[in-house]
Each structure stands twice: as structure tokens, then as C-alpha cells.
Amino acid sequence: MDAAIKKLADNIWLLPFELKALGVNIGRNVTIIRLESGQLIVHSTASFTADDVARIRELGEPGWLVEGMLDHDTFSKEGRMAFPGIPFFGPSEFGKRVDFDVISLDSPPSEWWPEVEVIRIDGAPGMAESVFFHHPSRTLVVCDLLFHFPNPPSLWAKLLLRAGLGSDPTPGFSKRLKLAIKDKAAFCASLEKVMALEIQRIVPGHGAVLENDAKRLAGEKFASEGYA
């Protein structure tokens with residue numbers, strides 16, 4: 001079944017897909033941002049069908065594919081095949097994981113600014129995540145920096161999320177990310193840049209969109225984990 005595109009605000013849409021881990025659907029969120037030029041940034045890839053591609057193209061002209069962190073390569077080849085010939089951006093080491101050219105997010109296209117800002121999350125090189133902020137809609141798009149699972153569908157899902165995220169997955173901070181942090185000062189400095197943004201909503205790579213009190217909830221989560 002093809003996923004349904006949900007409009008989040010003007011010029012930004014969510015396209016959710018199923019992605020299972022240990023029998024639990026943690027989801028893969030694809031975020032589509034349309035610039036004033038009409039070109040699209042497709043943030044995260046998935047197992048796009050021909051219908052998915054057609055519906056994305058109805059929103060504008062795909063201009064760039066993006067994977068925002070190293071471990072988001074699950075569907076990268078499928079994404080590249082679905083949208084051949086357009087630039088593919090990712091972390092500087094991402095190209096070693098795939099068999100096609102990847103442009104480093106350390107130098108995002110000038111066409112994105114000032115509508116879209118990219119902030120690299122330093123201090124956790126094993127993740128190498130960069131987050132995206134769409135200024136017009138005040139939407140922060142992340143990969144694994146935060147998760148959000150407000151209504152786990154089963155006891156097994158609750159146990160799995162607790163094992164990976166702790167007791168509160170609304171929003172959740174990955175234990176795996178904590179282990180990946182090698183320079184706490186650099187990590188905290190990056191979060192400070194993120195939290196200085198006028199965030200209204202947060203789209204995580206996995207789970208539900210944080211629509212209400214997103215900035216406050218994210219700040220409280222970072223503080224409770226000792227990073228703010």
C-alpha cells in the first residue's frame with residue numbers, strides 16, 4: 001500500500017513508511033520541503049513506489065535527496081533509483097556506505113538558504129547527524145536526535161522502546177546516541193544552536209510529529225539527559 005502524504009504546513013509535507021525493528025514498526029518519515037523556486041528537498045529515503053514518486057513530483061520538481069545521518073542508509077539505493085540524476089547529500093563519510101556519489105552536508109547548496117538551515121550535530125561522529133530547519137514553517141527535521149512514540153501499540157513495543165529510549169519516549173532520546181557522544185561540550189554547543197531556533201514542530205526520523213510544545217518538550221528532554 002502506498003503511503004499517504006500529509007501536509008504539515010505551507011511547502012512542507014510528511015510521507016511516512018513502515019520500518020520494523022525486532023517486530024515493532026518504528027517507521028521511516030520522509031519529509032518533503034518545497035522551496036520558493038518550486039524545487040523539492042526530499043529528506044530521507046524509503047522504498048518509494050512509482051505512485052509515491054508521481055505524487056512527490058506533483059508537489060514540485062525534486063532537486064535534492066538527503067540522508068541526514070550515517071545510519072540512515074537503509075533505503076538509500078532505492079531512493080537513488082527512484083530519483084536518478086539529482087544531487088544526493090549526506091554526511092561526509094556516507095559515500096563509503098553506498099555505491100554512488102554523495103555530496104557532503106558540510107557544504108549545503110546555496111539555493112536552500114535562507115529558507116532551509118542545516119545544523120551539524122557535533123560531538124557524536126559515529127552518528128554524524130545534521131538537522132534541518134525550515135524557517136517559513138518553523139519546522140525542525142531530525143533523524144535520530146529525537147524519537148516520538150506517544151502511543152506504543154503493544155506491550156512488546158513499550159518494552160522495546162523503554163530499552164532503547166528509557167522510560168519516556170514522548171519525546172525519547174536514544175541510549176545509542178548517548179553512547180555515540182565522544183565530545184559532550186561540542187554536542188551541547190550544537191544543541192544550543194538548535195534550541196535557539198524558533199521551533200514550532202519537530203519531525204523525527206521515526207515516530208509521530210511533535211506538533212504541540214515541541215521546543216519546550218525537546219529542551220526538557222535534552223536537559224533531563226544532561227545536555228542542556
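The values are calculated or read from the model by the stated rules, or taken from the named source; none is laboratory data. No experiment lies behind these values; they were computed from the predicted model shown. Methodologically, a virtual Cβ is constructed for each residue, glycine included, from the backbone with ideal geometry; neighbour enumeration extends over all protein chains shown.
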Item to complete: Kindly provide the set of residues from the range 52-105 that are among the β-branched types (Val, Ile, Thr) and either over 21 Å from residue 36 (Cβ atoms) or in a loop (DSSP other than H, G, I, E, B) (or both), ordered by number.
Response: 53, 74, 86, 98, 102, 103
Item to complete: Check off (1) closer than 18 Å to residue 31 by Cα; (2) more than 18 Å from the chain's Cα centre (by Cα); (3) modelled with pLDDT under 95 for residue 113 and give me the number that stays unchecked.
Response: (3)
Worksheet item: Condition test on residue 53, is it crowded, with 19+ Cβ neighbours inside 10 Å and within 29 Å of residue 149 (Cα to Cα)?
Response: no
Item to complete: Would you check which residues across the range 132-141 are crowded, with 22+ Cβ neighbours inside 10 Å, touching a Ser or Thr at 6+ places or on another chain (Cβ under 9 Å) and not hydroxyl-bearing (Ser, Thr, Tyr) and list them?
Response: 132, 134, 141
Fill in: Filter result for the condition that a residue is of a type in the set (Ser, Thr, Tyr), modelled with pLDDT under 95 and crowded, with 20+ Cβ neighbours inside 10 Å, over 76, 47
76
Worksheet item: Hey, does the range 154-169 have a residue that's at pLDDT 90 or above, farther than 17 Å from residue 72 by Cβ and buried (at least 22 other Cβ atoms within 10 Å of the Cβ)?
Response: no
Worksheet item: Out of the range 59-98, which residues are charged (D, E, K, R) and closer than 19 Å to residue 131 by Cβ?
Response: 67, 71, 73, 93
Worksheet item: Can you tell me which of 86, 56 is touching a Pro at 6+ places or on another chain (Cβ under 7 Å) and over 21 Å from residue 205 (Cα atoms)?
Response: 86
Fill in: Members of the range 108-122 that are surrounded by 13 or more Cβ atoms within 10 Å (Cβ to Cβ) and out of contact with any Gly (no Cβ under 9 Å at 6 or more places or on another chain)
108, 112, 115, 116, 117, 119, 120, 121, 122
Practice prompt. Sort out which residues of the range 180-216 are buried (at least 18 other Cβ atoms within 10 Å of the Cβ) and either without any contact (Cβ under 8 Å) to a residue 24 or more places away in the chain or in a helix (DSSP H, G or I) (or both), and write them in order of number.
Written response: 180, 187, 190, 191, 194, 214, 215
Discussion item. I'd like the residue in the range 79-107 that is aromatic (Phe, Trp, Tyr) and crowded, with 16+ Cβ neighbours inside 10 Å and, out of all such residues, is farthest from the chain's Cα centre (by Cα).
Written reply: 83
Response to the item:
Checked pairs for the range 40-55, first without any contact (Cβ under 8 Å) to a residue 24 or more places away in the chain, second surrounded by fewer than 23 Cβ atoms within 10 Å (Cβ to Cβ), C-beta under 9 Å and 6 or more apart or across chains, list as 50/82
Item to complete: Restrict the check to the range 121-140 and report whether at least one residue is touching a strand residue (DSSP E or B) at 6+ places or on another chain (Cβ under 6 Å), at pLDDT below 95 and of a type outside the set (A, V, I, L, M, F, W, C).
Response: no
